[in-house]
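Chemist: There's a structure below that I have some questions on.
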Amino acid sequence: MNQLDTDLERLLRKMEVEQKLAEMNLQFAQNLEAIRALDENLYDEFRNYQPKTLRIEVDNEGLVNLRHIQTGDLAYNEDPRIQSGKQVDAFLRAPAPLVINGGHNNESSNPKYRFARMINRLQEDLGNPTLDFADFEKKPLPLLVVNGVGFGYHIELLIERLDIMGVVINDGSKDSFFASLFTIDWQRIIDYFRMRGRFMLVQFDKEPRPLISSIKGAISSAGAGHLGSLFYFSHIKSDMNNAFEDIFKREVGTLLEGAGFIEDEQVGLAHTVQNLIDAKPLLRSVGAVKDLPVFVIGNGPSLDNLLPYIKKNEAKAILISCGTTLSTLFKAGIKPDIHVEQERPYAIKQWLERGTTPDYRAGIKMIGLNTVHPETLGLFNDSYIIAKPNDIGTDFLRHIGIPDLMEAPFSNPTVVNFGFSVAVLLGFRNVTLLGADFGMHDADKHHATSSIQFDVAEREDSQRVNMLEVKGNLRDKVLTQYFLNIGRQNIEQFLIDLDGMTVMNPNDGAYIQGAVPVPEGQMKDLSAEIDKPLVCGEIFSEIFEVVSDATSVDSKTLKSGFLKPFFNLRKHLKLPPKKPAADEFFRIMVEQSQLVQSSHGGARLLLQGPVSVFAFFFARSCIWVDDEIAQYNYQLIRSCYNDYLSFGFGLMRDAPLALDDLKHDFETGKTY
């Protein structure tokens, strides 16, 4: 080849590269408009975006790749289209759905809850049939989680080869997503998932747990049928992504846990109404910020060693006890100023009566969520309520016209979360968490040794189930469980939103980001005593107020007003007599889910759990099996669904204001 030929070839390659760059820039402009229509905030973020860790390169052959700016390594070790195609082929050859728990763990503790019994029996009847993926590319795929975007060629291939009903696209690197705006047609992807019965969620979560939380939120409106067959596709392999995948697959099985159901919501509504009738003052505003020290005291194992410190400084801080902690403090001769409860069962009253005395409780200000049993609040001569977020009782408070309703943020899932939320709402910004472990170094030591939990018979030792390791506060690692871990994360998220907050953590439990770890021996004694009755009296009189408009509420007015939208939904919640095709079923369930989600009057909270759970069972038991088994399973699910809805609507018609009356037998550990 002579010099002229060489120069000509170089010129042609340069022209090809310039043509490629022009095509990519045009695609970028088109994609910006596509995401603008989808999400204005996403558009604002990426229209002038400057990548920090990855940059796009086009070589002399016109081949695009991504290069890590810091290391110089390429993200793709071959043509990205070819590499993406190989990944998709491998995924389709061996599809493996993740396991989601569809059972309900409330059956043994709440035998009167029909939903728990029906769901557990349905799960047993359906069994675990062998799944057949021979027609994987022909049947609807309920939900696909794609972790990693890169150039996005795999996303285009997946929607070409599969019938995907729902997709969650996540990438912890916005640089990576930004690159895809130059290479694939996002308008086509968006349009695909806008079709009836489909949904798409785009996330930028670096950690798997926030992603799981986002999926749960999306599923609440799209319908939990998608969870019945959830698949995971990982695009870019790395140690970080592998760790992400391991945690995601381990914890995603809990996505349906905590799904509400009619009996539970009915009790919460009834307790709320009765608490208003009993003229329990309701939180109406946030207390003025104050720097007085507050102890939020949980019943974790670290409390044992911290009791002497609490006793020594009892007169120098406001003490807030949480749940069963009260009985531990009673034994130690320590009396809190405020006690908090968040659970609704009648049995909470029994635990308090067994673990304390009337004389001890006298003078303690009791704060409960609006759902707490009226008789639990009645054990204290000075009791108050705070609205619970995402709760039917709180919806009722809005319905009767309470303006500027204050809710308890981040008050779940543990009572310590509620105690911390109360401290913030009262205006305190100097908090020490004591016995708030959110983990343990010994699975047998899950509570303080003098806790009432160790005084009575337990149904079963469930403390060792599903343990996971997390970063420790005063040691490298500790053990924790799913709900304890969520509790820790909620406090961390709350602290991000709080300005001027000081939180001390002397517990030998889980590390809490945003709280200051303090070894037990380094805890400093407080200096000045506080006139605690005066301080608490002033705060409570300023921010709590009796709601006078609720004393005339009865079942009749409740059903004709607040619950009317709920009863109007009954005719829309039906399944066809014969099993529909999977894609048609998804469309039916999405429409039912969206109808429920858009409803008012408590209908959403009463029905979103049942609609979601039954849709889940269909997707899990009627798609990847032969037609005869699918037909049989569908009839089981449909019959159970209809029976439960008939029961639930009947309950709300006949006894909407019935209080919980389930009692605990301390000798046997059973309820009756």
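The values are calculated or read from the model by the stated rules, or taken from the named source; none is laboratory data. Since this is a predicted model, take the numbers as computed values, not measurements. When we count neighbours, we look across all protein chains shown, and the Cβ atoms used for this are built from the backbone with ideal geometry, even at glycine. Keep in mind that these areas ignore ligands, DNA and RNA; they rest on the heavy atoms of the full protein, side chains included. Shrake-Rupley method; radii C 1.70, N 1.55, O 1.52, S 1.80 Å.
Chemist: Taking GLN594, is it closer than 28 Å to ASN101 by Cβ, open to solvent by 70 Å² or more (accessible area, probe 1.4 Å) and assigned to a helix (DSSP H, G or I)?
Modeler: The answer is yes for GLN594.
Chemist: Kindly evaluate GLN266 against the criterion of being under 19 Å from THR371 (Cα atoms), assigned to a helix (DSSP H, G or I), open to solvent by 50 Å² or more (accessible area, probe 1.4 Å) and not β-branched (Val, Ile, Thr).
Modeler: In short, no.
Chemist: Output the number of residues of the range 462-476 satisfying the condition of being loosely packed, with under 12 Cβ neighbours inside 10 Å and modelled with pLDDT of 90 or more.
Modeler: Number satisfying all stated conditions: 2.
Chemist: Mind checking whether some residue in the range 186-193 is among the hydrophobic types (A, V, I, L, M, F, W, C) and open to solvent by 20 Å² or more (accessible area, probe 1.4 Å)?
Modeler: No; the residues of the range 186-193 include none that is among the hydrophobic types (A, V, I, L, M, F, W, C) and open to solvent by 20 Å² or more (accessible area, probe 1.4 Å).
Chemist: If I filter the range 305-317 for residues that are outside any loop (DSSP other than H, G, I, E, B), in contact (Cβ under 8 Å) with a residue 24 or more places away in the chain, touching a strand residue (DSSP E or B) at 6+ places or on another chain (Cβ under 6 Å) and under 29 Å from VAL267 (Cβ atoms), do I get at least one hit?
Modeler: Taking every residue of the range 305-317 in turn, none turns out to be outside any loop (DSSP other than H, G, I, E, B), in contact (Cβ under 8 Å) with a residue 24 or more places away in the chain, touching a strand residue (DSSP E or B) at 6+ places or on another chain (Cβ under 6 Å) and under 29 Å from VAL267 (Cβ atoms).
Chemist: Evaluate the following for LEU227: is it within 17 Å of the chain's Cα centre (by Cα), closer than 19 Å to GLY150 by Cβ and of a type in the set (A, V, I, L, M, F, W, C)?
Modeler: Considered against the rule, which asks whether it is within 17 Å of the chain's Cα centre (by Cα), closer than 19 Å to GLY150 by Cβ and of a type in the set (A, V, I, L, M, F, W, C), LEU227 comes out as no.
Chemist: Provide a single number: the residues in the range 52-72 that are at pLDDT below 90, touching a strand residue (DSSP E or B) at 6+ places or on another chain (Cβ under 7 Å) and open to solvent by less than 30 Å² (accessible area, probe 1.4 Å).
Modeler: Final tally of qualifying residues: 1.
Chemist: Determine if the range 402-414 includes at least one residue that is assigned to a helix (DSSP H, G or I) and open to solvent by 40 Å² or more (accessible area, probe 1.4 Å).
Modeler: no
Chemist: Filter the range 423-434 for residues that are within 16 Å of ASP497 (Cβ to Cβ) and among the β-branched types (Val, Ile, Thr) and give the result.
Modeler: VAL424, VAL431
Chemist: OK, next. Output the residues belonging to the range 597-628 that are open to solvent by 10 Å² or more (accessible area, probe 1.4 Å), free of Cβ contacts under 8 Å to residues at least 40 places away in the same chain and either within 22 Å of PHE133 (Cβ to Cβ) or among the hydrophobic types (A, V, I, L, M, F, W, C) (or both).
Modeler: ASP627, GLU628, listed by residue number.
Chemist: Tally up the residues in the range 350-393 that are of a type in the set (A, V, I, L, M), out of contact with any Ser or Thr (no Cβ under 6 Å at 6 or more places or on another chain) and either outside any helix (DSSP H, G or I) or closer than 30 Å to PRO565 by Cβ (or both), please.
Modeler: 9
Chemist: Which residue, of ALA90, ALA116, ALA75, is free of Cβ contacts under 8 Å to residues at least 60 places away in the same chain and open to solvent by less than 50 Å² (accessible area, probe 1.4 Å)?
Modeler: The unique qualifying residue is ALA90.
Chemist: Residues in the range 631-644: is at least one part of a helix (DSSP H, G or I), under 16 Å from ASP264 (Cβ atoms) and at pLDDT 95 or above?
Modeler: Yes: one or more hits.
Every residue, every condition in (1) without any contact (Cβ under 8 Å) to a residue 24 or more places away in the chain; (2) within 30 Å of VAL372 (Cα to Cα); (3) out of contact with any His (no Cβ under 9 Å at 6 or more places or on another chain), yes or no:
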residue: MET165; (1), (2), (3): no, no, no
residue: ASN170; (1), (2), (3): no, no, yes
residue: LEU181; (1), (2), (3): no, no, yes
residue: ILE190; (1), (2), (3): no, no, yes
residue: ARG198; (1), (2), (3): no, no, yes
residue: GLY217; (1), (2), (3): yes, yes, yes
residue: GLU257; (1), (2), (3): no, yes, no
residue: GLY260; (1), (2), (3): no, yes, yes
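Chemist: Is it the case that some residue within the range 128-141 is more than 18 Å from SER234 (Cβ to Cβ), of a type in the set (A, V, I, L, M), in a loop (DSSP other than H, G, I, E, B) and open to solvent by less than 10 Å² (accessible area, probe 1.4 Å)?
Modeler: Checked the range 128-141: no residue is more than 18 Å from SER234 (Cβ to Cβ), of a type in the set (A, V, I, L, M), in a loop (DSSP other than H, G, I, E, B) and open to solvent by less than 10 Å² (accessible area, probe 1.4 Å).
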